[in-house]
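Student: This is the structure, below, for whatever I ask next.
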Amino acid sequence: MFVISKKKKTLRVVTLASSILLVGATTGFAADAPAWKKTGDIPVTVKLTDVLPEGVSGGTIYVSIQTRQDYRSMKGFGGVIKHAEAGDMTRTYHVDEPGEYSVSIWHDRDDDGRFSMTETYQVLDSWGASGTPPENASPTFDDVKVSVPSMGTTLSIDMINPTSPS
């Protein structure tokens with residue numbers, strides 16, 4: 001997912017890791033101060049596929065649902081799943097109005113409270129996003145947006161599970 005050519009590997013990984021770190025910062029903040037999270041009455045059901053828990057708790061999963069205006073900020077909807085379960089997981093969150101939203105997922109697999117990477121920026125935690133995130137660049141809102149009608153929506157997000165360095 002992160003690399004197409006060996007020559008540009010570091011730049012592409014750093015670019016993607018930077019955008020994922022922002023997701024981690026946004027969703028990580030949610031665990032410390034849940035007041036950031038808005039709420040509403042329109043259901044957004046998120047199905048995560050291929051969740052790979054680690055450790056006793058399975059690792060914490062942070063779900064961030066944001067409008068274009070709030071994209072990559074400390075604002076939005078969503079929540080925290082304190083114990084990951086192997087395989088598929090489904091949770092429902094609520095937004096306040098119909099429109100376009102991005103859904104970003106960070107699975108803190110080792111539950112260390114930070115987006116884990118090696119010294120060469122190889123991502124170790126799992127992550128996922130709605131829409132179609134690019135393989136070798138930081139996603140824009142248009143890449144990951146989904147439409148949420150007034151009756152709500154259900155979407156599936158395939159988790160990206162990096163392997164541990166050998």
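The values are calculated or read from the model by the stated rules, or taken from the named source; none is laboratory data. All of these numbers come straight from a predicted model, not from anything done at the bench. Neighbour counts are summed over all protein chains in view; Cβ atoms, including those assigned to glycine, are modelled from backbone coordinates with ideal geometry. Ligands, DNA and RNA are stripped out before the accessible areas are found, and what is left, the full protein with its side chains, is counted by its heavy atoms. Shrake-Rupley method; radii C 1.70, N 1.55, O 1.52, S 1.80 Å.
Student: From the square roots a ≥ b ≥ c of the eigenvalues of the alpha-carbon gyration tensor of the range 92-142, which class results: rounded (a/c under 1.5), prolate (a/b over b/c), or oblate?
Tutor: Oblate is the answer for the range 92-142, as a/c is 1.5 or above yet b/c matches or exceeds a/b.
Student: I'd like the trypsin sites (Lys or Arg not before Pro) in the range 43-125 restricted to DSSP loop residues with at most 13 other Cβ atoms within 10 Å, sorted by number.
Tutor: ARG68, LYS82, ARG114
Student: Here's something else I'd like to know. Defining a contact as two alpha carbons under 8 Å apart and six or more residues distant in sequence, what relative contact order in percent does the range 115-161 show?
Tutor: Averaging sequence separation for qualifying contacts and normalising by length gives 40 percent for the range 115-161.
Student: Can you compute the FRET efficiency between GLN69 and ARG91 using 1/(1 + (r/R0)^6), with r the Cβ-Cβ distance and R0 = 30 Å? Round to the nearest 0.05.
Tutor: Plugging the Cβ-Cβ distance into 1/(1 + (r/R0)^6) gives 0.80.
Student: Ignoring ligands, DNA and RNA, how do MET89, MET74 rank by accessible area with a 1.4 Å probe, largest first?
Tutor: Per-residue accessible area, sorted high to low, gives MET74, MET89.
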